[in-house]
Each structure stands twice: as structure tokens, then as C-alpha cells.
Amino acid sequence: MNPISRDLIDRASNGDPAAVDTLLEKNLPGLEAYIRLRTGRLLKARESASDLVQSVCREVLQHMDRYQYRGEAQFRHWLYTTAMRKIVNRYEYYRAEKRDAGREVAPHPDDASGSAESAGQILQTYRSFITPSRHMQAREELDRTERAFAKLSEDKREVVLLAKVVGLSRADIAAEMGRTEIAIRSLLSRALAELSEHLEDSAD
């Protein structure tokens, strides 16, 4: 993905429609990948990742004028923090529902399907932390990766997302997670090794 320039952010913040469209286009695959990896069973059963993406985009657009440019990684962090807040809010909303709140249900139909092009774009983000199989279609590869990712502990999922999807530096991740940089490097290494093992097991 081409870098996001300060000029693009500034023009989008000032309401330039072309800049806003370009900014969203650059970030949609990564944002959907983040949301797919972050949503649990309860939320997946009730809302599609694409619906959540659109909701996050609307919220971001409403507050673009508040964003202060500090670099591409910080912009993505702001974007994904907005997504995480949206996920938590929606999860709490559904948990508060008394009707069928804890019932096991199938994934939302929109998440079980999707175009090959869309799956391929999301898979490009996943490939920052997996080695793709030469024998699987994009949709199969997505499902395989997400199942393997879900087997990681919460802190391992977090460090992979922050490092490989959000793109934060080790120092920023350390500050975010309240650990030292050395601890973050070790955690990320162990998380990626474990993820690779889960992927190999699923391939077998």
C-alpha cells in the first residue's frame, strides 16, 4: 500500500471529497481485516464486518477535522482505535439484550460470503503475518487464518494486530500494552511462531 501523505490527510480533514475517498480506499482492506480479527462470535452473528467498516468510516469522517497529523502509523492507530471502540460498544449492546444474548448462532451471512476480490484484498493484510498456502483459494485462506488467529491468547492477538495490521513501532506497542520493548519483541516472536503452528496444523 502506498504511504499516506500529510497533504492527503490535511485535504481530507478540510473536507476535500476526492481526498476523503482516496484515504478510505487506501484503508478499507486493512480496516476490514482488523475488524474481522477483532470481532467475537456474538457480534459476528449479528453484524457483518462490512457493516461495521461502514459505521467506523462514517464516524471517522464526522471527526476528520479533529485529527492532527502525526504520521501514517498514528493515523491507522486512530482509525483502528475508533473501530475497537465501535466493536466494544456493539458487543456491550448485544450482551445487554436479554433475548438470546448467550445463544450460539451461525456467523452473519455477509461474513460467510463475499467476492473473491474482497477476500483477496483482506488476505493481502493477513500476509503481513502469515505465509499463504499455494493450494487454497482466498476465501479458504481467510477462514483458515482467522481460525488460527482466534486460538492465540488475547495479548498475542493484540501484539500481532498492533505490529502487523496497525503498523505501530515496537516502542509505541510497548507504551500501548504497558510492557518493555524487549518484552514486546519476545511476545511478537512467540505469537507469530504459535500462529504459524496453528496454520500448519490446519493445513494438515
Among residues belonging to segment 162-204 that are in contact (Cβ under 8 Å) with a residue 24 or more places away in the chain, of a type in the set (Gly, Ala, Ser) and not in a helix (DSSP H, G or I), point out the one that is farthest from residue 76 (Cα to Cα). 169
Please tell me if residue 122 is touching a residue at least 60 places away in the same chain (Cβ under 8 Å) and crowded, with 17+ Cβ neighbours inside 10 Å. yes
Residue ID - surrounded by the fewest Cβ atoms within 10 Å (Cβ to Cβ), chosen from residues in segment 151-161 that are without any contact (Cβ under 8 Å) to a residue 60 or more places away in the chain and in a helix (DSSP H, G or I): 154
For segment 24-54, which positions are of a type in the set (Gly, Ala, Ser) and crowded, with 17+ Cβ neighbours inside 10 Å? 30, 33, 45, 48, 49, 50
Is segment 96-119 home to any residue that is over 18 Å from residue 30 (Cα atoms), at pLDDT 75 or above and either assigned by TED's automatic domain parsing to the domain that holds residue 31 or surrounded by fewer than 13 Cβ atoms within 10 Å (Cβ to Cβ) (or both)? yes
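The values are calculated or read from the model by the stated rules, or taken from the named source; none is laboratory data. Keep in mind it's a predicted model, so treat the numbers as computed, not measured. Note that each Cβ is placed from the backbone with ideal geometry, even for glycine, and that neighbours are counted across all protein chains shown.
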